[in-house]
Structures are given as structure tokens and as C-alpha cells.
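> Could you have a look at this structure, given as C-alpha cells, before my questions?
The values are calculated or read from the model by the stated rules, or taken from the named source; none is laboratory data. Note that the structure is predicted; figures quoted are calculated from it, not measured. Methodologically, a virtual Cβ is constructed for each residue, glycine included, from the backbone with ideal geometry; neighbour enumeration extends over all protein chains shown. Note: areas computed on protein heavy atoms with side chains; ligands, DNA, RNA excluded. Shrake-Rupley method; radii C 1.70, N 1.55, O 1.52, S 1.80 Å.
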Number of protein chains: 6
Amino acid sequence: MNVSVFRKERFNAAHRLRNPEWSEETNNAVFGKCNNPNYHGHNYDLIVEVRGPIDPQTGYVIDMKILSDIIKYEVTERYDHRNLNLDVPEFKDLNPTAENIAVVIWNRLRSRLDTRYTLKIRLYETERNFVEYDGQ
Amino acid sequence: MNVSVFRKERFNAAHRLRNPEWSEETNNAVFGKCNNPNYHGHNYDLIVEVRGPIDPQTGYVIDMKILSDIIKYEVTERYDHRNLNLDVPEFKDLNPTAENIAVVIWNRLRSRLDTRYTLKIRLYETERNFVEYDGQ
Amino acid sequence: MNVSVFRKERFNAAHRLRNPEWSEETNNAVFGKCNNPNYHGHNYDLIVEVRGPIDPQTGYVIDMKILSDIIKYEVTERYDHRNLNLDVPEFKDLNPTAENIAVVIWNRLRSRLDTRYTLKIRLYETERNFVEYDGQ
Amino acid sequence: MNVSVFRKERFNAAHRLRNPEWSEETNNAVFGKCNNPNYHGHNYDLIVEVRGPIDPQTGYVIDMKILSDIIKYEVTERYDHRNLNLDVPEFKDLNPTAENIAVVIWNRLRSRLDTRYTLKIRLYETERNFVEYDGQ
Amino acid sequence: MNVSVFRKERFNAAHRLRNPEWSEETNNAVFGKCNNPNYHGHNYDLIVEVRGPIDPQTGYVIDMKILSDIIKYEVTERYDHRNLNLDVPEFKDLNPTAENIAVVIWNRLRSRLDTRYTLKIRLYETERNFVEYDGQ
Amino acid sequence: MNVSVFRKERFNAAHRLRNPEWSEETNNAVFGKCNNPNYHGHNYDLIVEVRGPIDPQTGYVIDMKILSDIIKYEVTERYDHRNLNLDVPEFKDLNPTAENIAVVIWNRLRSRLDTRYTLKIRLYETERNFVEYDGQ
């Protein structure tokens, strides 16, 4: 009997989309205004889904306080009010699209969770553009 | 050809988290302010997903009025403006965590739905903490 | 390594629910006020989920601008500010329930997307009533 | 000591914007797709604000159940799942723009409320277009 | 040149509506299920509006961190995960309707803010029922 | 008889808060992580309220298409996917706090609107922090 629990956290960050192997013409053609050299930014909403059995002692799948602390330590304290391209090492050589940010976050969180849990994350870049990743 | 239909309902309830086999010290360490002996409360949002084939006569998977009536009869009329620990028999001996409430609601609704439907529910305790259960 | 990307679009339309093979009595009994002969309407929210591998050159599963243009061409420009029963050919002989609209939209979008992508859509008729279809 | 209390209700309706004294060319130039002869529709959200003193016996400005019943009787039961142009007498000769709908609703509600209350309403035609009217 | 700044905070609490000078019959007739002797609860959303001139040195009307700390100290740490009737002294003899809670919160915050600011608060008991108070 | 009409638009931008006349120590003490030299960013939601009489010919206070075009020309095309400090001339010497951005936007829009209208704007920096300005 498995239940999914979800925790929503937020971070506000600047970024720029760019492939350094391409000319500026190609970068502008593909990424448009997302390639602004002075960066733009977003309020990112992150929803973390952890699925597993209910602990009969607590009635919890996982203590939300513990899950929230893991997300803060691995993600929000490292990304919030930062420039993803310049301040966050994992995007030094990786284009910070929503897709790539989601994969990086998933890997960071996966390493901190017991193997009895499955993990899926949803990342909103805006209310109209968002992504989901479950490691598969 | 299966389609999922979703219906959102709400109930407002008081509850308290506690394991009666534990000392107060352990209960406070695990459940913190959720163990307030005088209770606290939430606006719960419940989203019920019913999946099945479209009836070619109606164009419906299930009549939303019927689904809404089932949810009201089984859940909202029994939980709304109630104290889950004191007023709702199924939580007399079961800690009313979001996980446990979801499993109880799923079982109540499952018994009322035809076997051609699959059922999943999502229960929001707050905008930031929610759970999902599909019987598996 | 597959990621889902989601794009939300909107359209505002009039419709009426009715089975032309039934008497008015039966139609009223089944569809109630949704069978108003003068129509009523909704703000429909459409969320399109496209799942596939991340292109290592762009960091995108699919360019959201391209996905948005496909949705506009296939759905919103054809449905927005229209009467679904009278103005949209695919509902001339198909009851425009949320379920049927979702299947029609899925088929329109499926034909425009590369086979390496899987497709799921969610359609909100109201905040409380919505449907999901993934072609299975 | 005055407090404002707000109650949110909803109705889903079809409408068409048109000035019958104008040519079709002028109507199309001014109202565009909102002038579709077959109508389109919206999920309208209505927020009613009643301001007045707190009754020391109840702690209420006005009983929300009573306010909700007035809104239902005067507005939602008359507008919901209707065609505003064809089914609602007050728009037979009045263009059902959000502005005009708000003024009509305000007048209907005003006549039912004690003079010790002031009244303001907000009407959402979409999440991005809404209006407010307070009788002044 | 005055600007309003708004800060949103939340608290989850249990409460019960009741006039101790009335019979149970009258209380039930007026307050209905809100008079459940075992309490029910809500997720309260509180929006605090502070209006004043922009400080030319900071570009702030008030530092949001300071405003948030005042709200936490005066309101959320005292009300969150509490029973308003039993745990919060100001409601020992005051019916905790949304109106009365708003007036109490306004008075607590007013005493902590410089007189150059005006103060208004909005309190959501549910998404559909909310109140506003500005001290007048 | 005046009605307010509201139009919501969005822009996503990077910014940094800083007073160039202060030491870095003071800037960090006052602005904290908002003073990150590499910038951070937000999804800004802008709600523009225009109040005036209803034109009896159209039923409109102002054509929402015209209002939306003014907002796009004056605000969103100039701020969206930009770095407010580096790319937008009006913030070269003005700290881009939400308060200051709101005043600048209000002035830009005011100059484009007929004097028969009054103007108020609300700017959301996040869901929890927002500001309002009406020119007074």
C-alpha cells in the first residue's frame, strides 16, 4: 500500500539559455529573448513527490519537515536569489533549461532519499510552462 | 479508450496527530505542534479521479452530478465542519494524517464505484502539503 | 532519460450537451441545464504534456514556442470564442462533453507531433470539473 | 467600526457582444470575435463585498449563508448555464459586457440589502479581464 | 507619493462559533455546523497591507523581512496550529468569526507599526469567504 | 457611474537591489540576498486598473485590446526577459524594488491614458510580496 506525498517549495533565480558551441546567430534563432546576455529570471515553483509505504507508527510516508529540510538543503538554499549560470556549479557547463534543472534537482534529491521511496518532481518556470521528471 | 474525469470537493475540519502508544515526549518530538491537545484545523481540498471508457450515449465517463453526490455522501457530509479524531468513527483508532485520511476516503469511494472504473484521489491539507493514493 | 514538458493554453467557448437520438425529456433528465437550447459557456484551460528525451544541443524536449504554435493552430484558433456545436465541424455529430473534447484535441495534436513523443492532455471545463486523456 | 465581508460565487454562461444600431462591419471592427453570432462563453467568478458594522451578538457583519442565498436567488440561479443575450431579460436591450453585467448585478443585489451596508462587486470574465463596481 | 505593500502569511487553526449567552437551540440556529462542540478548522490566509511613502534610500515602504517578522511574532506564531477558542487569550470571550479575528489582528499589528503607515488587512477563512478591515 | 476594469499581464525579469552610495556591508545588511551581484529574477504579474464611465455605445470603459496593447508597448515588451538594472534605462539610477517599479510603470501608463480615467496598478513580485500604486 503506497501513497505519494507532495511538498511544494519555491526559489527565485536569474538564468540565460545558450549553447556555447553555437554562433550568436544560432543561439538567438533558437533561444530568442531567453538568450539575453544580461539574464532574465523566474519564480520557480518546485513540487517534490515521494512515494512509499505508510509507516504504521506515524501514519506518515515521510515526515514533511524532513522532506522540506532536504529540499531546502539541496535546492532552495543553493538556487534561491542566485544566477543559475554563474552561481550554481552544476550549470556551469549545462544549459539551465527547465528540463535540465529538473534532472539536476531530481539527482540531488534522489541521493538523499532512502531506496524504499520513488521520486518524481515537477518544476514550474511559469504558470504556463512546466516540466516533470521521474528518473526514467 | 479510457479517459480520466476529476471532481474537486472541499471540507473544513479539525484534527490532531498522535500515537496513543507513545509518551507525550515522543509524540511532541515526532508531531510537534500538530499534536496540540486542543486540535488545529485545515481547509482540505479533495480531487477524485475516476478513469474508464466514455459512454457513447452520453459522452460521459461518469455523470459528474452522480460522482459529486457520492463524494458528498461518503466524505464531505461526514467530515466537513467536524473534528476528525472525535466525530469521525474511522479515525477513533487511526491517526488522521493526510496519508491515512486519503486511504480511508479511497476505500469509502471505491466501494461505491462500479468495477469498470479505476480510482485515484489527491488530498490537499495545505497548498504546500498534499498526498495521492490509488489503492496500490 | 525522458522528461515531460507541459504547456497551458486557454479558450473560451459556448456549447450545449445533447444526444439527438433521445427525446427532450431524456436529454433534460440526463444533461439538465447543460442542455439549454440557447447554449452556455466556459473558460477552458488546456494543459498539453509532451514526454520525450532531452535534446542535448538545446536542453529542450520540444521548443515551447513550437508546441504553443501547434496548440494555437490546431485548437485555440479554431475553438476560442466559438460555439463548439455550431462552429466546429468535429462536434457537428459528437456531443461536446469535456471527455469528447479532450479526445478530439488529443487526436489533432497527436497527428502533428513526432512519434518519439508521448502525449497526454488535461482539459479544465471549470476549476472543479476536468478530464485527462493519453490515447490509451 | 466597519468590516468588509466577501463572498465568491460562480456562473457559467454564453454571450455575444453587439450594438444593434451599428452595421456588422462596425460591430466586427469593435467587438471582433466577441461578436460571433453563434455566441461564446465564460466561467464568471463573482465576488460580492458587503461592508458594515459587526453585530456584537453574532460577530458577523452579515450571515454568509444569507448573503450566499441572496446572490444565488438574484444572480447565479438566473444566469448560470444560460445565454445572457437570449435567456436573461435585463440583457435583451443591453450589451452584456463585463461592465454592464456588473452594474446589473450590483443593482439587483443593492435592492435586497439593508441600507446600513455598502456594496461593491468584482466580476471576473477571465483570470486576466475583470471589473469592479460600487454604485458610484 | 504613497505606495501600498502587501505581505501574505498563513496559519492553520481550529475554532468554534458560539454566543455563550444564547441557548444551544439559538446557537445552532444561527451558527449551524460552525457551532460543532468538538471544533472544526481552517487554513487562514492573511494579507497585510501597509501604505506609506517610499524611503528614497532603500526604495522600500517597509522592509518586507521586518513586516513578515512582525506578522509572525504577533499573529502566526500565536495562532498557527492552535485552537483559537481555547489557546488564544483574545478569543476567550470573543467569538472567533473571521470579522472578529480580523479586528484583533489589525489591533495587534497597528500597535507595532509607525504612525506614518496606514494599515489594512484581508483574512481568508476559505477561498470563498473572506473579510477586510482597515480600522475605520 | 464609474466602473473599474482590470487587465492582467506578465513579465519575467532579472534584477538586483542596491544603493550605490552605500558600502557593500550596508547593502548586504539591508538587501541581503537581493543584492546578489549576479542578479536573481522573478515572474512579475501586473494588474492594471482603469476607472471611468461606461461608453453607452460599446458598453466598455476602455477596449481591453487597446489597454492590453498600451501595457505591452509601455511595459511588457520593454521589461520582459530583460535585466531591469542593465537593460531598462529608467532603472539605471533607480533601485528596482517592487515599489519603484510600480511607480515607474504607473507614470508610463498614465501618460498614455485619457484624463477621464483614473489609474491604479498592482505589481506582484511573488505570490506573497506585492505592491499597489495609484499616483497619490
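> Taking the Cα centre of the protein assembly as shown as origin and charging only Cβ (+1 Lys, Arg; -1 Asp, Glu), how large is the dipole, in debye to the nearest 20?
Dipole of the protein assembly as shown, to the nearest 20 debye: 0 debye.
> Starting from the alpha-carbon convex hull of the stretch C:55-136, give the projected area averaged over all orientations, in nm².
Details: hull surface 26.0 nm².
Here the figure is 6.5 nm², rounded to one decimal.
> Tell me which of D:115, D:42, D:62 sits at the most positive position along the dipole axis of chain D, charges placed on C-beta atoms (Lys, Arg +1; Asp, Glu -1).
Checked the options; the winner is D:62.
> How far is residue E:77 from itself in the other copies, in nm, if each label sits 7 Å out from Cα along the Cα-Cβ line, shortest first?
Relative to the other copies, residue E:77 has label-point distances of 2.1, 4.6, 5.1, 5.1, 5.8 nm.
> Across peptide D:58-68, how many C-beta atoms of other chains are within 10 Å of each residue C-beta, on average?
Details: counts 9, 13, 9, 4, 1, 3, 8, 4, 0, 1, 2.
Per-residue shielding by partner chains comes out at 5.
> Between copies, how close do the residue C:10 label points come, placed 7 Å along Cα→Cβ, listed in nm from shortest?
Relative to the other copies, residue C:10 has label-point distances of 1.0, 1.4, 2.0, 2.0, 2.3 nm.
> Summing -39500 (n - 2.57) over the DSSP H runs of n ≥ 4 in chain A and dividing by its residue number, what mean residue ellipticity at 222 nm do you reach, to the nearest 500 deg cm²/dmol?
Per the formula, -6500 deg cm²/dmol.
> Rounded to two decimals, what is Rg over Rh for the protein assembly as shown when you use alpha-carbon atoms and the Kirkwood radius?
We get a ratio of 0.94 for the protein assembly as shown.
> Further question on the same structure: Given contacts defined as C-alpha pairs under 8 Å and at least six residues apart, what's the relative contact order of the stretch A:70-136, whole-number percent?
Values: 60 pairs, mean separation 18.9, N = 67.
It comes to 28 percent, rounded to a whole number.
> Excluding residue E:37 itself, calculate the net charge of residues whose Cβ lies under 10 Å from the Cβ of residue E:37, where each Lys or Arg counts +1 and each Asp or Glu counts -1.
So the surrounding residues net to 0.
> Compute the FRET efficiency between residue F:86 and residue C:73 as 1/(1 + (r/R0)^6), taking r as their Cβ-Cβ distance and R0 = 51 Å, and round to the nearest 0.05.
Efficiency, rounded to the nearest 0.05: 0.90.
> If you average the alpha carbon positions of the stretch C:52-128 and of the stretch B:65-99, how far apart do those two centres end up, in angstrom?
37 Å
> Where nothing but the Cβ of Lys and Arg (+1) and of Asp and Glu (-1) is charged, how large is the charge dipole of the stretch B:54-107 around its Cα centre, in debye to the nearest 20?
80 debye
> Averaged per residue, what accessible surface does chain F expose to a 1.4 Å probe, in Å²?
Dividing the accessible area of chain F by its residue count gives 41 Å².
> Over the whole of E:88-98, what's the average partner chain Cβ count within 10 Å per residue? Rounded to a whole number, please.
For peptide E:88-98, the averaged partner shielding equals 2.
> Have a look at B:129, B:96, B:31 and report the one farthest towards the positive end of the charge dipole of the stretch B:2-133, computed about the Cα centre with Cβ charges (Lys/Arg +1, Asp/Glu -1).
The listed residue farthest towards the positive side: B:129.
> Additional query: Suppose a student asked you for the relative contact order of the stretch D:2-133, using Cα pairs under 8 Å spaced at least 6 residues apart; what percent would you report?
Working: 207 pairs, mean separation 42.3, N = 132.
Worked out over the stretch D:2-133, it gives 32 percent.
> Can you give the average number of partner chain beta-carbon atoms within 10 Å of each beta-carbon in peptide A:21-31, as a whole number?
1
> Which value, in debye to the nearest 20, describes the size of the charge dipole of the stretch E:2-133 about its Cα centre when Lys and Arg Cβ atoms bear +1, Asp and Glu Cβ atoms bear -1, and nothing else is charged? Mind showing how you got there, number by number?
Values: 19 positive and 20 negative charges, 52 e Å.
Value, rounded to 20: 240 debye.
> Quick one: if you stick a label point 7 Å off each Cα along the C-beta vector at residue F:33 and residue E:29, how many nm between them?
Output for this residue pair reads 5.6 nm.
> While we're looking at this one, here's another question. Just to confirm the numbers: residue F:21, label point 7 angstrom along the Cα-Cβ line, distances to the other copies in nm, shortest first?
Values, ascending and in nm: 5.1, 5.8, 5.8, 6.8, 8.1.
> What is the residue of chain D with the smallest Cβ distance to the axis taking D onto B, and what is that distance in whole Å?
Axis relating chain D to chain B; nearest Cβ residue and distance: D:10, 7.
> In addition: Within a Cβ distance under 10 Å of residue B:11, other residues only, what is the Lys/Arg minus Asp/Glu net charge?
Net charge around residue B:11: 0.
> Per-residue HN-Hα couplings for the stretch D:59-71, Karplus 6.51 cos²θ - 1.76 cosθ + 1.60 at θ = phi - 60°, whole Hz, x for Gly and Pro?
Karplus values, whole Hz, x for Gly and Pro: x, 9, 6, 8, 5, 4, 5, 5, 4, 4, 5, 4, 4.
> How many square angstrom of accessible surface are buried between A and C, both sides summed, with a 1.4 Å probe and rounding to 100?
1800 Å²
> Please list, ordered by chain and number, the residues whose modelled amide H lies under 5 Å from the amide H of residue F:40; skip anything fewer than 5 residues away on the same chain.
Amide H to amide H, under 5 Å and 5 or more residues apart or across chains, residue F:40 pairs with F:15.
> Further question: When 1/r is averaged over all different Cα pairs and the result inverted, which Kirkwood radius in Å belongs to the stretch E:2-133?
Numbers: mean 1/r = 0.0632 Å⁻¹.
By the Kirkwood definition, the hydrodynamic radius is 15.8 Å.
> Report the local net charge at residue E:1: Lys and Arg +1, Asp and Glu -1, summed over other residues whose C-beta lies under 15 Å from its C-beta. Walk me through the numbers before you get to the answer.
Numbers: positive: E:51, E:116, F:110, F:120; negative: E:55, F:99, F:132, F:134.
The answer is 0.
> Kindly rank C:115-122, C:92-99, C:79-86 from highest to lowest mean number of other beta carbons found within 10 Å of each residue.
Top to bottom by mean Cβ count within 10 Å: C:79-86, C:92-99, C:115-122.
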